[in-house]
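Working notes for the structure below.
The values are calculated or read from the model by the stated rules, or taken from the named source; none is laboratory data. All values reported here derive from a predicted model rather than from experimental measurement. So basically every Cβ, Gly included, is an ideal-geometry build from the backbone, and we count neighbours across all protein chains shown. Just the protein is used for accessible areas: all its heavy atoms, side chains included, with ligands, DNA and RNA removed. Shrake-Rupley method; radii C 1.70, N 1.55, O 1.52, S 1.80 Å.
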Amino acid sequence: MNETPYETVDAFHRGRFYLVQPKGRGHRAGMDAMLLASLIDDERPVRVVDLGAGAGGAGLAVASRLPQAHVTLVERSSEMLTYAEKTLALAENAPLCSRVSLIAADVTLTGKARHAAGLLDNAFDHVIMNPPFNDGRDRPTPDSLKAEAHAMQGDVFENWLRTAGAIVRPGGQLSLIARPQSIAEIIAACGKRFGGIEITLIHPREGESAIRLLLTAIKGSKARLAFRSPLFMHGADSHAFLPQVDDLSNGRTGYARINNKVI
């Protein structure tokens, strides 16, 4: 695992897998990707697709924790695809990579173009995503690779959830992480595609505002929306992760849905 001036090789799940990532630029996987991966709590032989996968952090975290999961990484950026390919080529990742594949595609493709890219209707049991979350009111970044990963273009949640709704099977699960400010757009985009929405707000500490939300939903479900107990990342006077968050981020446990009925 040789790093270069332009990239790093980073350990996740306490060394159970590694990512090759751009150094000092671009979107680098971290806590968001690990928490996103924890939303899949399914021990069956499932097919999982990670939309906008970057170097593959969330998808590989799923494969690391769930030995029967087969994961497809979907990424449109040619540069991030190169990092994903390098990640999958690492000898240290060999135990996982027979269950991980890579598709070069824009998540927002529709119809025949989406099918031609390999994203077929009703093909997956789970779809996970960390969509772009910056809008025009955010301060622009001079980092073009990061801007490509983070900047919203058009109705991002509608476009991404349209694809998710097409490629996940009936009864399959949507899982995403986003900013709390996006909650209205996400619920609207779920529309009639996904129901049984469960939302968890993530706070740095008690008494501090939420910085992320975790959302799961089931394709075709008629169940009502539920807000779950919040997750607090740190204790009052500490930067260490609280035990539950540490377990989720290091792949020791999954974050099961309240209504976890298998459909």
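Rank these by accessible area, largest first, 1.4 Å probe: LEU102, LEU90, LEU161.
The most accessible residue leads, giving LEU102, LEU90, LEU161.
Ordering ARG252, ARG99, ARG28 by accessible area with a probe of 1.4 Å, largest first, what comes out?
I get ARG252, ARG28, ARG99, largest accessible area first.
Given H placed on each backbone N at 1.01 Å, which residues far from LEU102 in sequence or on other chains put an amide H within less than 5 Å of it?
Distant-sequence amide H within range of LEU102: LEU73.
So in the stretch 176-237, what percent of DSSP beta bridges are antiparallel if you round to the nearest 5?
Bridges in the stretch 176-237 that DSSP calls antiparallel: roughly 70 percent.
What do you get when you divide the Cα radius of gyration of the stretch 7-250 by 2.2 N^0.38 Å, with N the number of residues?
Relative to the 2.2 N^0.38 Å estimate, the stretch 7-250 comes out at 0.96.
Residue by residue through the stretch 218-234, which ³J(HN,Hα) values in whole Hz follow from phi under the Karplus form 6.51 cos²θ - 1.76 cosθ + 1.60 (θ = phi - 60°), with glycine and proline marked x?
10, 5, x, 6, 9, 5, 6, 5, 9, 9, 8, 4, x, 9, 9, 7, 10
In percent, what relative contact order does the chain have, based on Cα pairs under 8 Å that are 6 or more apart in sequence?
Once normalised by length, the contact order is 18 percent.
Ignoring ligands, DNA and RNA, what percent of the 1.4 Å accessible area of the chain is carbon and sulfur?
The nonpolar share, carbon plus sulfur, comes to 53 percent.
When ligands, DNA and RNA are left out and all protein chains stay put, how many square angstrom of accessible area per residue does the chain have with a 1.4 Å probe?
46
Scan the stretch 152-246 for GluC sites (Glu not before Pro) in coil per DSSP, keeping those whose Cβ has at most 15 other Cβ atoms within 10 Å, and list them by number.
Loop-located and lightly packed - GLU206, GLU208.
Using a 1.4 Å probe on the protein heavy atoms only, what accessible surface does ILE103 show? Give it in Å² to the nearest 10.
30
Please find, in a Gaussian network model of the chain (springs between Cα atoms separated by less than 10 Å), the residue of PHE124, PHE241, PHE194 whose mean-square fluctuation is greatest.
Highest fluctuation among the options: PHE241.
List the residues whose amide H sits under 5 Å from the amide H of VAL49, counting only those 5 or more places along or on another chain, with H placed 1.01 Å from N in the peptide plane.
Amide H to amide H, under 5 Å and 5 or more residues apart or across chains, VAL49 pairs with THR72, HIS126, VAL127, ILE128.
Hey, can you grab everything whose amide H is under 5 Å from the amide H of ALA178? Only 5+ residues off in sequence or another chain; H modelled, so Pro and N-termini drop out.
LEU213
Which percent, to the nearest 5, of DSSP beta bridges fully inside the chain are antiparallel?
Details: 21 of 45 bridges.
Counting only bridges with both partners in the chain, antiparallel ones make up about 45 percent.
Sum up the lysine pairs in the chain that clear both bars: alpha-carbon distance under 21 Å and a spacing of 8 or more or different chains.
Details: LYS23/LYS86; LYS23/LYS146; LYS86/LYS146; LYS192/LYS219; LYS192/LYS222; LYS192/LYS261; LYS219/LYS261; LYS222/LYS261.
For the chain, the number of qualifying lysine pairs is 8.
Would you kindly derive the ³J(HN,Hα) couplings of the stretch 106-119 from the backbone phi angles with the Karplus curve 6.51 cos²θ - 1.76 cosθ + 1.60 (θ = phi - 60°), listing them in order in whole Hz, with x for Gly and Pro?
7, 4, 8, 4, 10, x, 4, 5, 5, 4, 4, 6, x, 9
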